[in-house]
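Take a look at the structure set out below.
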Amino acid sequence: MNFCLGELTKRPNRFIFEGTAAGNTQRWHCPVTGKIGLVDDFCGIPCLFTPATPDNKRTTQGTVEAISLNQGRDWIGINQNRVNGWIERLLRENALPDMINTEGCSVRREVTVDGSRIDLLVENGEAQTFLELKTPMRDLLLSPGDHFTRPPSQTYFDRGLRHFRTLAQLAQRGHRTIVAMCFMYDAVPFAPPPRDKWNAKIVDVIGEATACGVENWRLRLKISPQSLGVISCEKIDKMSENFTSPA
């Protein structure tokens with residue numbers, strides 16, 4: 001994996017970044033249509049981008065993959081569309097054995113079950129493990145005390161709940177099921193927000209799913225201009241006390 005290095009100058013709208021690379025002004029696709037943490041001013045922020053291919057139908061010169069808030073010492077991946085492919089590759093390489101030992105297994109993407117599309121399915125004979133990935137960008141967990149906030153839309157909210165309920169049903173049928181919070185940077189542990197009416201609904205659904213056997217994991221990936229690595233892969237035993245958003 002090789003990304004190009006650039007520097008952002010502004011985000012004129014939710015789909016576009018403007019910046020410079022190798023002395024040239026460029027426009028790049030922004031893969032996050034909503035908020036990226038608390039960042040409002042992108043001027044001077046280093047970025048990693050992939051150049052557009054010759055058959056690209058967009059009017060941009062590429063896609064921003066990661067940004068740095070400390071002048072390139074650490075990178076925060078922002079392209080959520082990349083995550084499923086990255087985790088699929090890591091599973092095929094058996095690089096996440098603490099979570100799933102995939103030796104001798106097949107790996108499939110985007111499997112539809114009971115009206116829900118689950119990100120990944122690992123099969124070993126008749127044994128099946130369903131894995132759903134969550135990659136929040138609206139909240140960047142960069143300092144102690146950060147926590148998830150309300151998702152940006154009711155549709156987003158409902159889709160997350162539906163995934164937990166579908167996985168709970170699969171677990172009751174004897175399948176192994178996992179929800180993995182996947183951070184494309186070195187995220188700190190997070191604290192739950194106050195248990196208001198909205199958060200209580202999330203906690204209840206997650207608690208019910210966990211009681212049915214749904215496992216909850218936390219992945220942290222490390223992105224650099226040349227590589228993708230795994231910082232940690234750890235199971236969360238009490239998800240309802242540590243996770244309060246289906247984003």
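Things worth noting here:
- If you go through the range 1-17 and keep only what is under 28 Å from Ser143 (Cβ atoms) and without any contact (Cβ under 8 Å) to a residue 40 or more places away in the chain, you end up with Thr9, Lys10, Arg11, Arg14.
- The range 1-11, residues that are touching an Asp or Glu at 6+ places or on another chain (Cβ under 6 Å) and farther than 13 Å from Glu65 by Cβ: Thr9, Lys10
- Sole residue being under 26 Å from Lys235 (Cβ atoms) and either in contact with a His (Cβ under 9 Å, 6 or more places away or on another chain) or not assigned by TED's automatic domain parsing to the domain that holds Ser232 (or both), chosen from Arg117, Arg11, Arg27: Arg117
- Of the residues making up the range 88-111, just one is more than 16 Å from Leu221 (Cα to Cα), part of a loop (DSSP other than H, G, I, E, B) and charged (D, E, K, R), namely Glu103.
- Screening the range 72-86 for residues that are hydrophobic (A, V, I, L, M, F, W, C) and not in a loop (DSSP other than H, G, I, E, B) and picking the one that is farthest from Glu132 (Cα to Cα) gives Ile76.
- Residue in the range 146-159 that is farther than 20 Å from Lys35 by Cβ and either assigned by TED's automatic domain parsing to the domain that holds Thr25 or touching a residue at least 24 places away in the same chain (Cβ under 8 Å) (or both) present: no
- Once the range 185-214 is narrowed to residues that are among the charged types (D, E, K, R) and at pLDDT 70 or above, the residue that is surrounded by the most Cβ atoms within 10 Å (Cβ to Cβ) is Asp186.
- When the residues of the range 67-98 are filtered to those that are touching a residue at least 24 places away in the same chain (Cβ under 8 Å) and at positive phi, the one that is surrounded by the fewest Cβ atoms within 10 Å (Cβ to Cβ) is Gln71.
- Among the residues of the range 36-66, the one identified as aliphatic (A, V, I, L, M), without any contact (Cβ under 8 Å) to a residue 60 or more places away in the chain and part of a strand (DSSP E or B) is Val64.
- Qualifying residue in the range 124-142 (condition: among the polar types (S, T, N, Q), loosely packed, with under 13 Cβ neighbours inside 10 Å, modelled with pLDDT of 95 or more and more than 30 Å from Gly19 (Cα to Cα)): no
The values are calculated or read from the model by the stated rules, or taken from the named source; none is laboratory data. Keep in mind it's a predicted model, so treat the numbers as computed, not measured. Cβ: placed from backbone, ideal geometry, glycine included. Neighbour counts: every protein chain shown.
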